[in-house]
1. Can you tell me how many residues in segment 193-233 are of a type in the set (Lys, Arg), surrounded by 14 or more Cβ atoms within 10 Å (Cβ to Cβ) and more than 28 Å from GLU126 (Cα to Cα)?
2. Yes or no: ARG84 modelled with pLDDT under 85 and either at positive phi or aromatic (Phe, Trp, Tyr) (or both)?
3. Taking segment 251-277, which residues are buried (at least 18 other Cβ atoms within 10 Å of the Cβ) and under 21 Å from the mean Cα position of the chain (by Cα)?
4. State all residues of segment 64-120 that are part of a helix (DSSP H, G or I), of a type in the set (Phe, Trp, Tyr) and either in contact (Cβ under 8 Å) with a residue 60 or more places away in the chain or under 25 Å from ASN2 (Cβ atoms) (or both); if no residue qualifies, say none.
5. Here are some conditions: (1) part of a helix (DSSP H, G or I); (2) in contact (Cβ under 8 Å) with a residue 24 or more places away in the chain. CYS124 meets all but one. Which one does it not meet?
6. Looking at (1) surrounded by fewer than 19 Cβ atoms within 10 Å (Cβ to Cβ); (2) more than 25 Å from the chain's Cα centre (by Cα); (3) without any contact (Cβ under 8 Å) to a residue 40 or more places away in the chain, which is the one condition that is false for GLY236?
7. Scan segment 23-67 residue by residue and report those that are in contact with a helix residue (DSSP H, G or I) (Cβ under 8 Å, 6 or more places away or on another chain), β-branched (Val, Ile, Thr) and surrounded by 12 or more Cβ atoms within 10 Å (Cβ to Cβ).
8. Hey, any hits in segment 195-205 for a residue that's in contact with a Cys (Cβ under 7 Å, 6 or more places away or on another chain), outside the structural domain of ILE274 (by TED's automatic domain parsing) and closer than 26 Å to GLY255 by Cβ?
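The values are calculated or read from the model by the stated rules, or taken from the named source; none is laboratory data. Everything numeric here is computed off the predicted structure, so don't read it as measured data. Cβ placement follows ideal geometry from the backbone for every residue including glycine, while neighbour counts extend to all protein chains displayed.
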Amino acid sequence: MNLKHLFYFWKVATAGGVLRAAEELHVTPQTISGQIQSLEEKLGTELFERHGRKLELTDSGRLALEYADEMFSLRAELEEALRRRAQSRQTLFRVGVADAVPKSLAYRLLASASAIDEPVRMVCREWKLDSLLTGLALHRLDVVLADVPIPSSFSVRAYSHRLGDSAMSFLASPELARQCRDPFPRCLSGLPLLLPGEDAPVRQRLLRWLDKHKLRPRIVGEFDDSALMKTFGAAGAGVFIAPSILEAEIRRQYGAKAIGRSAEVRSEFFAISIERRLTHPCVVAIMQAARERLFAA
């Protein structure tokens, strides 16, 4: 397909007619009409129905317009991004953070990306993992931070780069922590417990661990948002879990007390990229910070 022909079609469809498109493009109406006719012959379908001087999109034309809108919108975004980059000489870093990743952990990782030797302009998106992976596949993101490797159902070739893992700490408000009469983990039986959401991989590990040790806490809440779970836990609603590498920070921020830790219940973290060999300086900085400092044994 000749993209110039497609561009002329798009201009006619969006401008409202051949004459107006010709004026905007500074070409003759005959040139535009010829280009559209060539495009229709190439595609084997009509894009416009002609009613005298009036043009109306056919079903094929409406479908073509949807794709053309996306293509030329992306072209405009590319031109603007390159223009801004040339003007500012900043490194553009577009990162997606899955909503299951603790905010404080994401901050620690992303802070290392901001500390590289060149100026960085960071664009950070938080959403469900499947939506972020779609953005990655469309080259709208440079990397996605997640608590799971890339799902096998994802059809685009991408690579999971393991950042590290952490044991899990069990925390509670000071008032609730004082109710722990037995040693950990037996003290969990009978206590209210807050669970991560059903999509969180650590949830199933926690449930298996509780079953293995025959522990029967009272499950009183489930949370997709780990920050909201911590807030409820700090208010005394129940015991909650968090990666042990963040335990000291959570104790300070929420006034919570640690009642125990489990090396059997672990949480993993990954950087997902379409690159097998990482080259973006910000992603390289994140990998180095994770392996050398944050998750260092």
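1. So the count comes out to 0.
2. no
3. Across segment 251-277, the qualifying residues are SER267, GLU268, PHE269, PHE270, ALA271, ILE272, SER273.
4. Once the filter is applied, which keeps residues that are part of a helix (DSSP H, G or I), of a type in the set (Phe, Trp, Tyr) and either in contact (Cβ under 8 Å) with a residue 60 or more places away in the chain or under 25 Å from ASN2 (Cβ atoms) (or both), segment 64-120 yields TYR67, PHE72.
5. So the condition that CYS124 fails would be (1).
6. Exception for GLY236: condition (3).
7. Once the filter is applied, which keeps residues that are in contact with a helix residue (DSSP H, G or I) (Cβ under 8 Å, 6 or more places away or on another chain), β-branched (Val, Ile, Thr) and surrounded by 12 or more Cβ atoms within 10 Å (Cβ to Cβ), segment 23-67 yields THR31, ILE32, ILE36, THR45.
8. Scanning segment 195-205, I find no residue that is in contact with a Cys (Cβ under 7 Å, 6 or more places away or on another chain), outside the structural domain of ILE274 (by TED's automatic domain parsing) and closer than 26 Å to GLY255 by Cβ, so the answer is no.
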